[in-house]
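Engineer: Questions regarding the structure given below will be posed in turn.
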Amino acid sequence: MKFRLLSPHKLIPTEETDARRVDEVHGLISTAGCWTVPIMVEKDALFVMDGHHRLEVAFRLGLRAVPTVLLDYRSVRVEAWRPGETITPADIYDMARNRQKFPIKTTRHIFLNDLPACDVNLDDLRQWYEPLDNSERLAG
C-alpha cells in the first residue's frame with residue numbers, strides 16, 4: 001500500500017478539531033520539517049477518516065499537497081468514542097455529503113491493515129503541482 005499526494009482542498013473534514021491539539025501537531029510537524037503520518041481518506045468521497053488535526057495544520061502551513069492513504073470500509077472498522085453512541089459509515093457519508101462535522105472525538109476508525117509511513121519534506125508539499133491529467137502522483 002502506498003500513499004498518494006492530494007490537495008488538502010479536495011479533502012472533506014467530518015469532525016471538529018481542538019485548537020490546542022492543532023497547535024501541538026503544527027509544532028511537531030514544523031519542527032520535523034517533514035510530514036510523517038499520512039491522512040487516512042475514504043477513497044471515493046474523499047472525506048477524512050483519521051487526520052483532521054493534520055489537515056488543519058496543512059492549511060496553516062499553506063501546503064499544496066498532503067500525503068494520504070485512500071481506503072474504504074472493507075478494510076476499516078468504525079465505532080464511536082463515546083459509550084452508548086453508535087456511528088456507522090452511512091452516518092459519516094451523510095455528514096460529508098452535507099458538509100457538516102461531528103463534534104471532536106466522535107468517530108474512531110480502526111485500520112485492519114498495516115498503513116504506510118511517509119517522510120515528505122514540507123517544502124516539497126508547498127511546491128507540489130497537480131498533474132495536468134488530474135491523476136494523483138503515487139509516492140512512497
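Read the figures in this text as sums done on the coordinates, not as results from a lab. Since we're looking at a predicted model, the values are computed, not measured. Ideal geometry is used to build each Cβ from the backbone, glycine not excepted, and the neighbour counts take in all protein chains shown.
Engineer: Could you compute the FRET efficiency for Val78 and Asp18, with r as their C-beta to C-beta distance and R0 at 25 Å, rounded to 0.05? Write out the running numbers ahead of the final one.
Structural biologist: Working: r = 20 Å, r/R0 = 0.81.
Calculated transfer efficiency: 0.80.
Engineer: Mind sorting Val37, Val57, Val66 by how few other Cβ atoms lie within 10 Å of their own Cβ, fewest first?
Structural biologist: Numbers: Val37 18, Val57 25, Val66 28.
Least crowded to most crowded, the residues run Val37, Val57, Val66.
Engineer: Report, in debye and to the nearest 20, how large the dipole of the chain comes out about its Cα centre when Lys and Arg carry +1 and Asp and Glu carry -1 on their Cβ. Could the numbers behind the result be given before it?
Structural biologist: Working: 19 positive and 21 negative charges, 16 e Å.
In total the dipole reaches around 80 debye.
Engineer: Residue farthest toward the positive end of the dipole of region 3-128, with Cβ of Lys/Arg at +1 and Asp/Glu at -1: which of Leu122, Phe59, Leu112?
Structural biologist: Phe59
Engineer: Counting only helical runs of four or more DSSP H residues, what would the 222 nm mean residue ellipticity of the chain come to if each run contributes -39,500 (n - 2.57) and the total is spread over all its residues? Intermediate results must be reported in sequence, preceding the final value.
Structural biologist: Working: 4 runs with 38 residues, N = 140.
My calculation for the chain gives -8000 deg cm²/dmol from helical runs alone.
Engineer: If I take every Cα pair under 8 Å that is 6 or more residues apart in the chain, average their sequence separation and divide by the length, what percent do I get for the relative contact order?
Structural biologist: Working: 243 pairs, mean separation 53.6, N = 140.
Relative CO of the chain lands at 38 percent.
Engineer: Which net charge results for the neighbourhood of Thr17, defined as the other residues with beta-carbon distances under 13 angstrom from its beta-carbon, given Lys and Arg at +1 and Asp and Glu at -1?
Structural biologist: Within the 13 Å Cβ shell, the charges total -1.
Engineer: Starting from the Cα of Lys10, move 7 Å in the Cα-to-Cβ direction to define the label point; list residues of region 48-76 whose amide nitrogen is under 14 Å from there.
Structural biologist: Residues passing the 14 Å test: 48, 64-71.
Engineer: I would also like to ask the following. Counting other Cβ atoms within 10 Å of each Cβ, which chymotrypsin sites (Phe, Trp or Tyr not before Pro) in region 1-98 have at most 16 and sit in a DSSP loop? Please report the intermediate quantities before stating the final value.
Structural biologist: Working: sites: Phe3, Trp35, Phe47, Phe59, Tyr73, Trp81, Tyr93; in loops: Tyr73, Trp81.
Those that pass, being in a loop and sparsely packed, are Tyr73, Trp81.
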